[in-house]
Structures are given as C-alpha cells and as structure tokens.
Amino acid sequence: MAKVDTAVIKETKYIGGFVIVLSVLMEVVFLFLKRWDYTVLLGNLLSGTVAVGNFYLMGLAVQKALGKEQSEAKKIMHTSQQLRTFGMFVAIAAGVLVPCFNIIAVIVPVFFPRIAISFRPLFKDKDSKDVIDK
Amino acid sequence: MLEIAVGIILGCCALGAGAAMIAGIGPGIGEGNAVAKACEAIGRQPESKGDVTSTMLMGCAIAETTGLYALVIAILLLFVAPGRFIDILISTIG
C-alpha cells in the first residue's frame, strides 16, 4: 500500500478535530434542550465517523489521482465520488432506519467538515505567518 | 381511494428523491476537472505539490457538500417523508 501524503494526514487531522469539537457542541445543545439520550450519542458517533472517513477516502483518491494523466485523474475522482456517495447513502440510511440512532444526530454531523473548511482560512493564515516568521 | 392516495405519495417521494440526486452528478464532474487541472499545475511546478494537494482537498470537500445536501434530501424523502405524509393523510381523513 502506498504511503499516505502528509497533506492528507494533516487535513484529515484538522477535520477530525473540528468534527469532535462540533459533535461535543451538538451533544451540549441536546442536553440543554433536555432531549439527550443514548441514541443521540450513537447517531453522532456513526455520522461523525462516516464524515471523517469520507474526507480521508477523498484525500486518498486525490493523492492517487494527482500522480496520473489528466483523463485518468478525472475517472479516478468520478469513480471515487460515486462510491463514497453510495457508502454514505448506506450509512445514513442505516442511521435513519435503525431506531437506536437519533435522526437529527445522524444527519447534522455529515455537514461538520463543511463548517470546518469554512473556518480553515483562520488557521491557514496563522500557519503561513509562522512560516514567514521562521 | 386511500390506496391510490398512498401510492401517489410514495411515487412522488421516490420521484423527488430521484430528482434530488441529479445534483449528485455535478460534484463528481467538478472534482474530476479540479484534479485534472491540479495535475497540470504540479506538472509545471512539482515543488508546489504539498500546497496544491492541501488546497485541492479543501476544494473537493466544498464541491462535495452540494452532493451531500442532495443525498440527505433524497434519504429523508425516501425513508422519513412517506410515513409523515401518510400520517397527515390519515389524520385528515379521520
């Protein structure tokens, strides 16, 4: 198996950290609304894992595609996106259908990586500044 | 009559889910184009591979969000909405 690119690991760690922080926030909101039970925790765990896993797999696909010809890179990304979407469909459908998962706690964390990316420029600027300072 | 109404609800929900998933086509094409251009950029400047990969990942994740919105809508239409609509129908009929 090929070595995973450091950029992929770094970005996945950032996304994973942010998903954990937002998941804790969501749990707190459920507690505050007095609607917390074990189904919220299980749904959050399922969906958070799927969201981070999807990002990591996308990173691996990007890494694989970057070393190829343009037409082959397009095909790799298209196939990867379709397979990942199917995987997410299965996971989210299971979360919605199985009663031990809270529907809201399953659906909301899927969008946490998008929120994490929105805040990325704040941390990116800091990294760039550190490099310039050095 | 009730059976026809339930059938129409289920059919419309399935059609809606299918229509929502049309949005799932876009991200795959977009990601493919973005990665193809990134390959070109790395070919010109191999030393910028790390930065390009990092930016690419974020761009692909943003592009994919559209597909995720569609996926969630489709799942809700397939698995959650029919039950709710049928409950509303039955409570309306009485």
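Quick note: the coordinates plus some simple rules give every number you see, no bench work behind them. These numbers were taken from a predicted model, which means no experiment stands behind them. Please note: Cβ atoms are built from the backbone with ideal geometry, for glycine as well, and neighbour counts cover all protein chains shown.
Counting the residues of region A:55-79 that are more than 8 Å from chain B (Cβ to nearest Cβ) and either of a type in the set (S, T, N, Q) or in contact with a Leu (Cβ under 7 Å, 6 or more places away or on another chain) (or both) gives 1.
Restricting attention to region A:1-33, the residues that are assigned to a loop (DSSP other than H, G, I, E, B) and in contact (Cβ under 8 Å) with a residue 12 or more places away in the chain total 3.
The sole residue among B:G43, B:G18 that is exposed (fewer than 14 other Cβ atoms within 10 Å of the Cβ) and under 30 Å from A:T12 (Cα atoms) is B:G43.
Annotation for region A:103-110: no member residue is within 10 Å of chain B (Cβ to nearest Cβ), of a type outside the set (G, A, S) and surrounded by fewer than 16 Cβ atoms within 10 Å (Cβ to Cβ).
Selection within region B:75-94: residues that are hydrophobic (A, V, I, L, M, F, W, C) and more than 8 Å from chain A (Cβ to nearest Cβ). The member of this set that is surrounded by the fewest Cβ atoms within 10 Å (Cβ to Cβ) is B:I93. Checking region B:55-66 against the condition returns a match, with at least one residue being over 12 Å from A:I117 (Cβ atoms) and more than 8 Å from chain A (Cβ to nearest Cβ).
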